[in-house]
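**Q** Sharing a structure, written as structure tokens. Questions coming.
Derivation of every value follows stated rules applied to the coordinates shown; laboratory data play no part. In this text the structure is predicted, and so the values were computed from the model without any measurement. Heads up, the Cβs are rebuilt from the backbone with ideal geometry, glycines too, and the neighbour counts pull from every protein chain shown.
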């Protein structure tokens, strides 16, 4: 395996320099013996510890030792610095680093920082951090512990922000506190996870009345914010629609096209094939002309009477409209409204408003844009919990 140009430039270590280095497995026992029964100290300790623990585990050794993070210690003992990365902190504390980004140089600088923490009355803080129930030891170095500990144990949507307050990740939870903490435990050493842990500085959240509402709102927010660390739900959704228009001969025409911003289709579909199936169904049910629906241009061109044909098209449009139900999902104190087959919005509403009082209900709900994920979640929820669905004629 070759090291990346980025790593080579940052550390100054070339492939030739490590060509004869032993494999990790051959030195795993020695490393385990050095660490076992001691305190693991590092600058951003969870990053280093996760790699060491993971590779020791692969070699057959289970490492369980206390950890200390010199970033967290320094924030407490030396408040007010602009940044607490190793290089910035060493400049502030007048610590000279030799062989920057090398294991030996960075480790020596970290040891000097720890020594300065101890000299500045940091012993009590160290003892506090070494307590077994100290959740701060599992958290990213730049994330304030009080933000995580202050999260409610309720459903909602949470946001991870970077140093400039840009949203890095959006997630939903049945229990906000428990779900957020779960991001910071485990031995996932993937580049994506380590990058997220390294760059998260703040957490914000929105409480939701139920987990289902949180799931819908998460989808809305992912589509709105497009966070860099969210992978699911970030694909482009090509939606197809069946449209109607009147041609220069007076025929009401039906046709399929990509969904357009300023045109209202009579029906929408995630798959082009589904749109074709529906249009053919209308043709057969209402005796429409395939050529006038852009389906079969080879069909015999015996054009029907305009008025009589348009009546059949209007009957087809009426049938489509009748398939678009208006209903409310009542999930505890929360309401989700689907109007004429389209997701309208959601929220909580006063208990004295009847669900059949549609306009009064809509005034208390927040409108949100629909997407294919939301349509799918609503469809699945109504099938699973039919007793929570109230259909409105």
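**Q** Relative to the longest principal Cα axis of the chain, at what angle does helix 211-225 sit, 0 to 90 degrees, rounded to 10?
**A** For 211-225 against the chain, the angle is about 80 degrees.
**Q** Still on this structure: Considering only C-alpha atoms, what is the centroid distance from the range 301-365 to the range 16-70, in Å?
**A** Rounded to whole Å, the Cα centres lie 61 Å apart.
**Q** Label point 7 Å out from residue 333 along Cα-to-Cβ: which residues of the range 190-222 have amide N under 14 Å?
**A** Counting only backbone N, you get 207-211.
**Q** How high is the FRET efficiency from residue 202 to residue 32, r the C-beta distance, R0 41 Å, rounded to 0.05?
**A** Result of the calculation: an efficiency of 0.65.
**Q** Please give the peptides 44-53, 20-29 ranked by average Cβ packing (other Cβ atoms within 10 Å per residue), highest first, as a rough proxy for protection.
**A** 44-53, 20-29
**Q** Additional query: Based on the Kirkwood radius over alpha-carbon pairs, what value in µm²/s does the Stokes-Einstein equation return for the translational diffusion coefficient of the range 134-195 at 20 °C and 1.002 mPa s?
**A** The Stokes-Einstein estimate is 173 µm²/s.
**Q** Kindly provide log₁₀ I(q)/I(0) values, in the same order as q = 0.14 Å⁻¹, from the Debye equation applied to equal alpha-carbon scatterers of the range 326-392.
**A** Reported log10 I(q)/I(0), two decimals: -0.35.
**Q** Order by neighbour count: 58, 177, 127, fewest other Cβ atoms within 10 Å first, most last.
**A** Fewest-to-most ranking of 58, 177, 127: 127, 58, 177.
**Q** Quick one: if you take sqrt(5λ) for each eigenvalue of the C-alpha gyration tensor of the chain, what semi-axes come out, biggest first, whole angstrom?
**A** With the √(5λ) rule applied to the chain, the semi-axes are 60, 27, 17 Å.
**Q** Quick one: compute the contact order of the range 245-393, relative version, from alpha carbon pairs under 8 angstrom and 6+ residues apart, as a percent.
**A** The normalised contact order for the range 245-393 reaches 17 percent.
**Q** Another one. Would you mind checking the tilt of helix 103-119 against the longest principal axis of the Cα atoms of the chain, expressed as 0 to 90 degrees and rounded to 10?
**A** For helix 103-119, the angle is close to 80 degrees.
**Q** Once you have a ≥ b ≥ c as the square roots of the Cα gyration tensor eigenvalues for the range 240-321, tell me rounded if a/c is under 1.5, and otherwise prolate or oblate according to whether a/b is larger than b/c.
**A** It is prolate, given that a/c is not under 1.5 and a/b is the larger ratio.
**Q** So what's the range 5-138 giving for Rg/Rh, alpha carbon basis, Kirkwood Rh from the mean inverse pair distance?
**A** 0.99
**Q** Still on this structure, I have one more. Let me have the 222 nm mean residue ellipticity of the chain computed from DSSP H runs of 4+ only, each contributing -39500 (n - 2.57), with the sum over all residues rounded to the nearest 500.
**A** The per-residue figure over the chain is -12500 deg cm²/dmol.
**Q** Here's a follow-up. To make sure I understand, if each residue's beta carbon is the centre and we count other beta carbons within 10 Å, what order do 391, 72 fall in, fewest to most?
**A** Result, fewest neighbours first: 391, 72.
**Q** Here's another thing I want to ask about it. Students often check this: by mean Cβ neighbours within 10 Å, which of 59-65, 368-374 ranks highest, and how do the rest follow?
**A** Listed from highest to lowest mean packing, they are 368-374, 59-65.
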